[in-house]
Number of protein chains: 2
Amino acid sequence: MSDTTEQKDILRGGQFLVKETSCDDVFTPEDFNEEQKMMRDSVKEFVDREIIPHKERFEKKDYALTEEIMQKAGELGFLGVAVPEEYDGLGMGFVSTMLVCDYISGATGSIATAFGAHTGIGTMPITLYGTEEQKKKYVPKLATGEWFGAYCLTEPGAGSDANSGKTKAVLSDDEKYYSISGQKMWISNAGFANVFIVFARIEDDKNITGFIVENDKENGISFGEEEKKLGIHSSSTRQVFFNETKVPVENMLAGRGEGFKIAMNALNVGRIKLAAACLDAQRRVTENAVKYANERVQFKTPIAQFGAIKQKLAEMATSAYVGESASYRAAKNIEDRIHLRMESGNSHSEAELKGVEEYAIECSILKVACSEDIQHCSDEGIQIFGGMGFSADTPMEAAWRDARISRIYEGTNEINRMLSVGMLVKKAMKGHVDLLGPAQAVGEELMGIPSFDKPDYSELFAEEKEMIKKLKKVFLMVAGSAVQKFGPQLEEHQQLLLAASDILIEVYMAESAILRTEKNAKRFGEDTQKEQIAMSQLYLYNAVEKINAKAKEGIISFAEGDELRMMLMGLKRFTKYDNFPNVVKLRTEIADKLIAENKYCF
Amino acid sequence: MSDTTEQKDILRGGQFLVKETSCDDVFTPEDFNEEQKMMRDSVKEFVDREIIPHKERFEKKDYALTEEIMQKAGELGFLGVAVPEEYDGLGMGFVSTMLVCDYISGATGSIATAFGAHTGIGTMPITLYGTEEQKKKYVPKLATGEWFGAYCLTEPGAGSDANSGKTKAVLSDDEKYYSISGQKMWISNAGFANVFIVFARIEDDKNITGFIVENDKENGISFGEEEKKLGIHSSSTRQVFFNETKVPVENMLAGRGEGFKIAMNALNVGRIKLAAACLDAQRRVTENAVKYANERVQFKTPIAQFGAIKQKLAEMATSAYVGESASYRAAKNIEDRIHLRMESGNSHSEAELKGVEEYAIECSILKVACSEDIQHCSDEGIQIFGGMGFSADTPMEAAWRDARISRIYEGTNEINRMLSVGMLVKKAMKGHVDLLGPAQAVGEELMGIPSFDKPDYSELFAEEKEMIKKLKKVFLMVAGSAVQKFGPQLEEHQQLLLAASDILIEVYMAESAILRTEKNAKRFGEDTQKEQIAMSQLYLYNAVEKINAKAKEGIISFAEGDELRMMLMGLKRFTKYDNFPNVVKLRTEIADKLIAENKYCF
Ligand SMILES: Cc1cc2nc3c(=O)[nH]c(=O)nc-3n(C[C@H](O)[C@H](O)[C@H](O)COP(=O)(O)OP(=O)(O)OC[C@H]3O[C@@H](n4cnc5c(N)ncnc54)[C@H](O)[C@@H]3O)c2cc1C
Ligand SMILES: Cc1cc2nc3c(=O)[nH]c(=O)nc-3n(C[C@H](O)[C@H](O)[C@H](O)COP(=O)(O)OP(=O)(O)OC[C@H]3O[C@@H](n4cnc5c(N)ncnc54)[C@H](O)[C@@H]3O)c2cc1C
């Protein structure tokens, strides 16, 4: 792990939008240290050996197989990467946590979900919020896979509105235990979990409270049937009923009424890990698609040679590459911030909590972007396979079905989109990120006369980095005016928030790819990064188009007259290329590389 | 049915691009005559009674149920709408054929596929190409559902490249029969079909030949297992093996080597009917989504009240409305042309064949647009249902899975996209549609000085219709230059063709919606069409954005220097709104209507 944390200017969460990041300051997958590389390889090898050969069983709702694989993963230490060594974990950093989550999730959504539910929302609330006794009692078992965890937040009437649950916790007269009653729904790992993190309301508290509840059928805990689901067929998902389940008072997590905070913080980590969990799926889908397209001949031509297929392959690989770039960039920011906080005296759990919370905006951004990318990637995968893509005998349709859940859980993508902008605005209000200054500067720039100097774009990414700067101005212009116009009522203008969040997302993703590639070009030579440069340019081009569209949609919905004209002019200026990239050529280059290598090779 | 065919200026296929259509000349669903309305209502009622209550069985691969429903449909005459009365059909026109296909397909893709495969590609080759004897022998049985048909074109090595099949037909020494051997794949209805339309090659013929083959296990016909498929779970799909299957020479369809033509023409009809088959699915998905969103409360609010949900509902309803508008517009063009041809002496089958072929471009456009719209619509449907959308207990996930096939069969969407542009260019070369003149005019306009007159947009859709005219110029500009630049090599520039075809598609769809709404506003009053106007404007806005993006992508891939600058200027001019619609408001209006009516109400 890098020890240079302190010297670096670590971006605060959301600050990417107003600060220019130097490529030297971003972490990239090419920066994995030896330990991380070994971890990656051993997880990959595990997946290839233990999961891939059983793909079919996973589609046939073989819940026992999921449990078995999870046990094996536990034996190999994969479940405990994030857990401190004192609780029998590996105590590795956040990047390594992401890494394991990434590579263990590539083969089937069933394992991705079981792994995520167990290590993320199932274990983490205890490592982060537990008392020393709670940690000692539960975490070692969870870290090694002796026990499994599940997370019981959702109820039939409380999904996105997680704090509205009806499950009750009533203190016993002797004040020794709480009696929990209620119905939880959609609980991943319910079928084999030994411990449940359960959220319930005490009396008429405003906020719910978290409890650690051991599974015990003698204690009023029962289960619904396995849900019949579109995808992740071997992930156990059941309702969990608590009927006067007795939970010792010492099993309360954090304090009374702290449950909502726990739930939300667990989700922050859950979100960025979910992003990671979409990455290897993209790599594998892309790789399968390339191989098939190289083999399948129609019109006496391997279909990989058709422009229509090259276009798809290039876009698929690009989104995987960009997703990686952004996910590991944020992961390292989190890791660095955790270090910083620990150095300045925070406990491990406090540091981790605050470290992740700091980047909650990025976590939401990544969750949305990567979950949508894997959906699109697997959709194109099906299409490349033609009729065979519709068959359960090829890997594409399961990838497509499994991908669908990622846009729903850990906060729907709508909720995450709105949160990302909402949190940013709040940070600005609190002065944690200075949006006002830059927004005012953009306002002034809009009034001024644009410079007609021909900039010097001879250096790699010179124009692209200029474009990123301008795209940030687009966000500031649109969101800035919206805040001015609607004030706190902005919350109710959801279509606008959604549009703004798409701008935010695209900026972060595009910038991350460019910085990664720039860093690698600097150290490994530009010629080694030909296709990576192409992917970064292609992604940026698409991002500019999307940002232009979303910004325009926003602007024309709230501006009129002179303001409208000025903002549209600004938008034009801020999305203008001096030299358009030839995206058809870029895609062809990227695809040709994939085709030549016959695999995902970036 | 309207008898005014002759007086009307019927557009030729593809001509929509260069001719302005008056709203009086388009047929709309509001023009259904009494007979058609009765037909629609009885099909709807059939679906609600016979299919909807058994939705679950359809998901559980109950192939027998599909057969049973098909038989019932036969008894009610639904299978014979398109079949002339002399062969025990209803002999209704093309619009009615579309109508039945539309409304019978809304509940499950399994029936949509079984119906489409039987009536379309399974029966039609005989009605269109059969000899009198062949028709007499087979068509009445097929029209009434006594027998079922299937269509055996695809082979393991011959999908998109349909003419490359290896199945052989060898003439017997006594010249009395052909002996057919080969392997057909992905054959819908194979499990219960009595008659197969089989394509096979005689000797080393360049083109394949079609045969009518009766199912008979004594005659070397055997089947693979049911394919395990992503969707349409109760549609029977098997491999069909022919092993020296003897087929009397009189069962050859049309002449030797005519099979490829038959196959392609059958696909033309298949495509527009497939578009229709996506419409009621969209209506039903939208309706289910509205109802759920009205019921589901989160944050003490029915989720229908959230802007994020309104946005989705509005876009869903809009694509259904637009899909309808375009599908029935084209259907009536086809019907009119069939009439015209019959009046000028063509036989019924010849007239129908040529009538549909004339609009092959529109058929491809509709197939692509509607199949992608239902995918998107059901995807949003899942999202509106949240976690419940991922459950097999709600109708969304099956709709989403079933939709996926429509982008693959009847020619993949890539093939159809490229065909649409390819056919148009060919028509232009042959002089059937004058693209050259208008393209030159656009070229001259680009060189000229744009008018700065403020146009009068006071009439309904004045600006929108102006925009449609301009969007057509975008196509002519981009495709025109591409043809000039690449000549016959254009075929190899698939990314460019795909971009051009997206422009073509959006123009046709947007224009169709506007014309429909304009016609209805004229006769029923503008105030009755408030939301329809909003949907037409919303669709157009989205279309302009998409066209702008696709055109730009094309232009920057092949133009340079002055030409590039000129074309980009032209693009800007041709996609410029004088008055931007407030799309956020439009969506809200549309959604509010749906929410108030608690159903799909357009
Ligand atoms: C397979 C699966 C596994 C799961 N695993 C777990 C688990 O282990 N533990 C657990 O606790 N939960 C789990 N969940 C539940 C999951 O977190 C919820 O489904 C999710 O939070 C959405 O809640 P909901 O389903 O109630 O949808 P709803 O909240 O009802 O949302 C429906 C729609 O309304 C939208 N919406 C809701 N509120 C708003 C708003 N304010 N503004 C705009 N739009 C809004 C949503 O975006 C969505 O489009 C799981 C779900 C599934 C399907
Ligand atoms: C459920 C189901 C039901 C079916 N029912 C029938 C039926 O009843 N009868 C029947 O005969 N067939 C049927 N089919 C077959 C169907 O028509 C084919 O699957 C379809 O035509 C695509 O062919 P393919 O699967 O061989 O894909 P391929 O042709 O191998 O295509 C693979 C990919 O390559 C692309 N591609 C191919 N050629 C080109 C090119 N020249 N340029 C650019 N891209 C290209 C395609 O667009 C696709 O993305 C059915 C298929 C399914 C899945």
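All of the numbers you see were taken from the coordinates with simple rules; none came from a lab. Not measured: the values here are computed from a predicted model. Every residue, glycine as well, gets a Cβ built from its backbone with ideal geometry; the counts of neighbours run over all protein chains shown.
Ranking A:Gly231, A:Ile212, A:Ser164 by how far each Cα lies toward the positive end of the dipole of the range A:149-256 (charges on Cβ) leaves A:Gly231 at the top. Between the listed residues A:Ile51, B:Ile180, A:Pro302, the Cα displaced farthest toward the positive end of the dipole of the protein assembly as shown, a dipole computed from Cβ unit charges relative to the Cα centre, is found at A:Pro302.
Between identical copies, the spacing of B:Gly437 label points, each set 7 Å from Cα toward the C-beta atom, reads 6.5 nm from nearest to farthest.
For the range A:57-125, the Cβ-based charge dipole about the Cα centre amounts to some 300 debye (Lys, Arg positive; Asp, Glu negative; other atoms uncharged).
Compared with the dominant Cα axis of chain B, that is its longest principal axis, helix B:530-558 is turned about 80°.
Once each part is reduced to its C-alpha centroid, what is the distance from the range A:111-182 to the range B:415-494 in angstrom? Going from one Cα centre to the other spans 62 Å. Taking amide H as placed 1.01 Å from N in the peptide plane, A:Leu253 has its amide H under 5 Å from the amide H of A:Gly210, A:Phe211, A:Ile212, each at least 5 places away in sequence or on another chain. Residues B:Glu362, B:Glu553, A:Glu30 in ascending order of nearby Cβ atoms (within 10 Å, fewest first): A:Glu30, B:Glu553, B:Glu362.
Go through A:Lys55/B:Lys310; B:Lys312/B:Lys522; A:Lys184/A:Lys312 and tell me which ones have a Cα-Cα distance over 32 Å in this structure.
Working: A:Lys55/B:Lys310 39 Å; B:Lys312/B:Lys522 29 Å; A:Lys184/A:Lys312 41 Å.
Check vs 32 Å cut-off fails for A:Lys55/B:Lys310; A:Lys184/A:Lys312.
One chain, two ends: B:Lys454 and B:Glu146. Fully extended at 0.36 nm per residue, the span grows by 104.4 nm beyond their Cα-Cα distance.
For chain B, the longest principal axis of the alpha carbon atoms and the long axis of helix B:583-597 meet at an angle near 60°. The separation of the range A:254-271 from the range A:357-413, counted between C-alpha centres, amounts to 26 Å. Within the protein assembly as shown, the cysteines lacking any other cysteine Cβ closer than 4.7 Å to their own Cβ are A:Cys23, A:Cys101, A:Cys152, A:Cys363, A:Cys377, A:Cys601, B:Cys23, B:Cys101, B:Cys152, B:Cys363, B:Cys377, B:Cys601.
Counting DSSP beta bridges in chain B, what percent are antiparallel, to the nearest 5?
Antiparallel: roughly 80 percent of the beta bridges in chain B.
Using the Karplus relation 6.51 cos²θ - 1.76 cosθ + 1.60 with θ = phi - 60°, the per-residue 3J(HN,Hα) values for the range B:276-292 come to 4, 5, 8, 6, 5, 4, 5, 4, 5, 4, 4, 4, 4, 5, 4, 4, 4 Hz, with x marking Gly and Pro.
For each pair in A:Lys273/A:Lys593; A:Lys546/B:Lys530; A:Lys136/A:Lys261, compute the distance between the two Cα atoms and list the pairs where it is over 27 Å.
Details: A:Lys273/A:Lys593 29 Å; A:Lys546/B:Lys530 29 Å; A:Lys136/A:Lys261 22 Å.
Result: A:Lys273/A:Lys593; A:Lys546/B:Lys530 exceed 27 Å.
How long are the semi-axes of the equivalent ellipsoid of chain B, defined as square roots of 5 times the Cα gyration tensor eigenvalues? Whole Å, largest first. Before the final figure, lay out each step's value.
Values: eigenvalues 307, 183, 99 Å².
So the three semi-axes of chain B are 39, 30, 22 Å.
Rounded to the nearest 20 debye, the dipole size of chain B about its Cα centre is 1280 debye, using +1 on the Cβ of Lys and Arg and -1 on the Cβ of Asp and Glu.
What do you get for trypsin sites (Lys or Arg not before Pro) in the range A:135-194 restricted to DSSP loop and a cutoff of at most 15 other Cβ within 10 Å of the site's Cβ? Each step should come with its number before you reach the end.
Working: sites: A:Lys135, A:Lys136, A:Lys137, A:Lys141, A:Lys166, A:Lys168, A:Lys176, A:Lys184; in loops: A:Lys166, A:Lys176.
Passing sites in the range A:135-194 are A:Lys166, A:Lys176.
The angle between the Cα long axis of helix B:307-343 and the main principal axis of chain B comes to about 60°, on a 0 to 90 degree scale.
Measuring nothing but how far apart in sequence close Cα pairs (under 8 Å, 6+ apart) lie, relative to its length, the range A:149-256 scores a relative contact order of 32 percent. Ranking of A:Asp379, B:Asp62 by neighbouring Cβ atoms within 10 Å, starting from the fewest: B:Asp62, A:Asp379.
Within 10 Å of each candidate Cβ there may be at most 13 other Cβ atoms; applying that plus a DSSP loop requirement, which trypsin sites (Lys or Arg not before Pro) in the range B:309-344 survive?
Working: sites: B:Lys310, B:Lys312, B:Arg329, B:Lys332, B:Arg337, B:Arg341; in loops: none.
Here no trypsin sites (Lys or Arg not before Pro) fit, given the DSSP loop and packing criteria.
So how much slack lies between B:Asp48 and B:Asp434, counting 0.36 nm per residue of separation and subtracting their Cα-Cα distance, in nm?
134.3 nm
Put in order of Cβ neighbour count within 10 Å, fewest first, the listed residues A:Val247, A:Val95 become A:Val247, A:Val95.
In debye, nearest 20, what is the charge dipole magnitude of the range B:149-259 about its Cα centre with +1 on Lys and Arg Cβ and -1 on Asp and Glu Cβ, if you could check? Walk me through the numbers on the way to the answer.
Working: 12 positive and 17 negative charges, 79 e Å.
Computed charge dipole of the range B:149-259: roughly 380 debye.
Loop-resident GluC sites (Glu not before Pro) (DSSP state other than H, G, I, E or B) in the range B:208-301 with no more than 10 further Cβ atoms inside 10 Å of their Cβ: B:Glu225. Label positions at A:Met38 and B:Glu445, each projected 7 Å from the Cα along the C-beta direction, are separated by 6.8 nm. For B:Met342, inter-copy separations between label points set 7 Å beyond Cα along the Cβ vector come to 8.2 nm, shortest first.
How much length would be gained if the chain were fully extended between A:Glu563 and A:Lys485, taking 0.36 nm per residue of separation minus their Cα-Cα distance, in nm to one decimal?
Working: separation 78, 0.36 × 78 = 28.08 nm, distance 1.18 nm.
Extra length from A:Glu563 to A:Lys485 when fully extended: 26.9 nm.
As a calculated quantity, the FRET efficiency between B:Lys585 and B:Asp204 at R0 = 60 Å, using C-beta atoms, amounts to about 0.40. Between identical copies, the spacing of B:Ser181 label points, each set 7 Å from Cα toward the C-beta atom, reads 7.6 nm from nearest to farthest. Projecting the Cα atoms of B:Ala293, A:Ser325, A:Asn548 onto the dipole axis of the protein assembly as shown, where Lys and Arg carry +1 and Asp and Glu carry -1 at the beta carbon, places A:Asn548 farthest toward the positive end.
Out of the DSSP beta bridges found with both residues in the protein assembly as shown, what percent are antiparallel (nearest 5)?
80
Residue by residue, the range A:180-188 carries 3J(HN,Hα) couplings of 9, 9, x, 10, 9, 10, 6, 8, 5 Hz when phi is fed to the Karplus relation 6.51 cos²θ - 1.76 cosθ + 1.60 (θ = phi - 60°); x denotes Gly or Pro.
Based solely on its DSSP helices, what 222 nm [θ] is calculated for the protein assembly as shown when runs of n ≥ 4 H residues each add -39,500 (n - 2.57) and the sum is averaged over all residues, nearest 500 deg cm²/dmol? Provide the component values of the computation, followed by the final result.
On the way: 40 runs with 662 residues, N = 1204.
Using -39500 (n - 2.57) per qualifying helix, the result is -18500 deg cm²/dmol.
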